[in-house]
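Structure, as structure tokens:
The values are calculated or read from the model by the stated rules, or taken from the named source; none is laboratory data. Bear in mind that the values here come from a model prediction, so they are computed numbers and not experimental data. Methodologically, a virtual Cβ is constructed for each residue, glycine included, from the backbone with ideal geometry; neighbour enumeration extends over all protein chains shown. What goes into the accessible areas is simple: the full protein's heavy atoms, side chains included, and nothing from ligands, DNA or RNA. Shrake-Rupley method; radii C 1.70, N 1.55, O 1.52, S 1.80 Å.
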Amino acid sequence: MSVAARRCLLIAAIAPLVSGCALFGIGPNRAATAPVVRDPAPIVSGTMRPYQIRGRWYHPQEDPDYEEVGLASWYGDRFHGRPTATGETFDMNALTAAHKTLPLPGLVEVTNLENGRTVVLRVNDRGPFVVGRIIDLSRGAARELGLLERGVGRVRVRYLGLAPRLGRERAALEGGFEVMARVVDAAGDSPAF
């Protein structure tokens, strides 16, 4: 079964759990459910053109089957309040990320492979431009994944699709609730409401 087919089955299985949800803290042995975006934002004009940084060319493209394991780092104070590649203002405490080639704005699921923590992030910037790193996390995302202290960690990144049209750092989920990530425990059980 292809990665895309498995992702569709996962989303279909999770959708009933997603209605009526809120943002929860992510602890060890927690997993984030994939948001169901009902009104995707258009790809930001100009962010899909090839570009060059420090002599290396990058070729942005949509890749529904994108999944990669590698190193994540985080960025914060130095960029806080500055515009991102999407034109949004960078909020170091929001659940966002930077990626070199995925569509902007997009959603990714990032899992810290050392502690199992998983979170869904809005990709709204380009980077990291450091050899060997596959994603740059906001300070808030690094905190949720348990990477704040170490600064760098081994992660799995999966592309989930385009981010919602709604405001920054939010995702439209089935049922009309706006949150960034839906967290359930590793067994797939939702906390009681």
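Things worth noting here:
- When the Cα gyration tensor is reduced to axis lengths a ≥ b ≥ c, the ratio a/c stays below 1.5 for the range 29-131, which is therefore classed as rounded.
- Highest to lowest packing among 140-146, 52-58, scored as the average C-beta count within 10 Å: 140-146, 52-58
- Judged by the mean number of other Cβ atoms found within 10 Å, the most tightly packed of the peptides 127-133, 94-100 leads the ranking 94-100, 127-133.
- Ordered from largest to smallest accessible area (heavy atoms of protein chains, 1.4 Å probe), the residues ASP136, ASP91, ASP65 come out as ASP65, ASP91, ASP136.
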